[in-house]
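Q: Attaching a single structure in structure tokens format; questions to follow.
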Amino acid sequence: MSQAVILETQNLTHIFPDGTIGIENISLKIHKGEFIIIAGANGSGKTVLSRHLNALLVPATGKVLLDGELISRNVAKARQRIGLVFQDSNSQFVAQTVYEDVAFGPENLNLPRAEVEGIVHESIEAVGLSNVQTHNPYTLSGGQKRKLAVAGVLAMKPEVIMFDEPFTGLDYPGVIQVLKQLVKLHEAGHTIILITHELEKVLAHASRLIVMHQGKLVADDIPEVAIEMVEMYGIRMPLKKGEGIDSLTWVG
């Protein structure tokens with residue numbers, strides 16, 4: 001891997017207040033420009049891991065490093081560089097219009113008004129929502145809501161964008177909208193980390209597949225290799241016998 005490491009975890013463990021282990025002894029390196037899928041059955045720890053990657057959770061033991069520095073040293077900066085699009089898009093909306101919602105983040109960075117306006121228009125245009133920027137976020141379709149959540153993250157100019165189950169609850173047109181956006185963001189140079197159990201939708205685009213099981217990392221390899229292990233860990237195999245990775249959905 002020629003690209004530099006942007007995120008790293010070292011022996012990362014999270015224990016909930018009731019004593020339940022969320023993740024245990026996770027060590028991995030994420031390189032700039034990768035398209036990574038983190039897969040696992042419900043309760044496998046994949047979402048807990050993602051929350052550590054932008055400092056939403058504090059580890060019981062272990063470290064998270066951003067460019068070699070502890071992520072906890074500058075949490076605000078880390079969350080600006082590592083955006084997270086939640087599974088429930090509605091939970092990310094904070095304003096009455098699409099435009100105001102995207103503007104919220106840059107405005108809180110105390111940027112000049114003209115710069116904020118430029119960033120907002122650029123972010124809204126990037127996700128194809130220019131025609132609805134005066135609409136209330138809650139009136140948008142499922143696919144449009146996901147796009148708006150992405151626009152809000154893009155407005156913070158992140159290097160890494162994480163998506164937590166981005167296809168949940170979407171119809172087919174909505175899935176295609178979001179998938180095209182994922183591919184576009186990766187092609188633009190963003191590092192993509194995608195948390196999903198719906199491998200058939202995105203596996204063809206990934207450079208790496210990480211599998212979680214009962215809080216532990218059990219597979220981490222190129223998709224063609226790691227895919228052979230998913231069924232034993234409760235993830236549906238997206239391939240039919242005799243098919244390969246190239247047979248999966250591809251959105252160019």
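The values are calculated or read from the model by the stated rules, or taken from the named source; none is laboratory data. What you are looking at is a predicted structure, and each value in this text was computed from that prediction instead of being measured. Using ideal geometry, Cβ is built from the backbone for each residue, glycine included, and neighbour counts are taken over all protein chains shown.
Q: Give me a count of the residues in region 140-165 that are aliphatic (A, V, I, L, M) and in contact with a strand residue (DSSP E or B) (Cβ under 8 Å, 6 or more places away or on another chain).
A: Total satisfying the criteria: 8.
One line per residue, one yes/no per condition, for (1) touching a Lys or Arg at 6+ places or on another chain (Cβ under 8 Å); (2) acidic (Asp, Glu):
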residue: 76; (1), (2): no, no
residue: 79; (1), (2): no, no
residue: 87; (1), (2): no, no
residue: 96; (1), (2): no, no
residue: 99; (1), (2): no, no
residue: 104; (1), (2): no, no
residue: 107; (1), (2): no, yes
residue: 119; (1), (2): yes, no
residue: 124; (1), (2): no, no
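Q: Identify the single condition in (1) modelled with pLDDT of 95 or more; (2) out of contact with any helix residue (DSSP H, G or I) (no Cβ under 8 Å at 6 or more places or on another chain); (3) surrounded by fewer than 17 Cβ atoms within 10 Å (Cβ to Cβ); (4) over 24 Å from residue 186 (Cα atoms) that residue 62 does not satisfy, given that it satisfies every other one.
A: Result: residue 62 fails condition (3) only.
Q: Since residue 159 meets every condition but one in (1) in contact (Cβ under 8 Å) with a residue 12 or more places away in the chain; (2) out of contact with any helix residue (DSSP H, G or I) (no Cβ under 7 Å at 6 or more places or on another chain); (3) acidic (Asp, Glu), which condition does it not meet?
A: Of (1) in contact (Cβ under 8 Å) with a residue 12 or more places away in the chain; (2) out of contact with any helix residue (DSSP H, G or I) (no Cβ under 7 Å at 6 or more places or on another chain); (3) acidic (Asp, Glu), only one is false for residue 159: (2).
Per-residue answers, yes or no, for (1) crowded, with 19+ Cβ neighbours inside 10 Å; (2) among the β-branched types (Val, Ile, Thr):
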{"position": "149", "(1), (2)": "yes, no"}
{"position": "183", "(1), (2)": "no, yes"}
{"position": "192", "(1), (2)": "yes, yes"}
{"position": "211", "(1), (2)": "yes, yes"}
{"position": "220", "(1), (2)": "no, no"}
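Q: Under the condition of being touching a residue at least 60 places away in the same chain (Cβ under 8 Å) and in contact with a helix residue (DSSP H, G or I) (Cβ under 9 Å, 6 or more places away or on another chain), which residue from region 169-181 is surrounded by the most Cβ atoms within 10 Å (Cβ to Cβ)?
A: Applying the filter and picking the extreme gives 179.
Q: Identify, please: which residue in region 87-108 is of a type in the set (S, T, N, Q) and assigned to a helix (DSSP H, G or I) and is, among those, surrounded by the most Cβ atoms within 10 Å (Cβ to Cβ)?
A: Only one residue tops the list, namely 89.
Q: So, one more: Scan region 29-64 for residues that are over 13 Å from residue 217 (Cβ atoms) and assigned to a loop (DSSP other than H, G, I, E, B) and report the count.
A: Of the residues in that region, 13 qualify.
Q: Quick check: is even one residue across region 65-76 part of a strand (DSSP E or B), closer than 23 Å to residue 218 by Cβ and within 20 Å of the chain's Cα centre (by Cα)?
A: Yes, some residue in region 65-76 is part of a strand (DSSP E or B), closer than 23 Å to residue 218 by Cβ and within 20 Å of the chain's Cα centre (by Cα).
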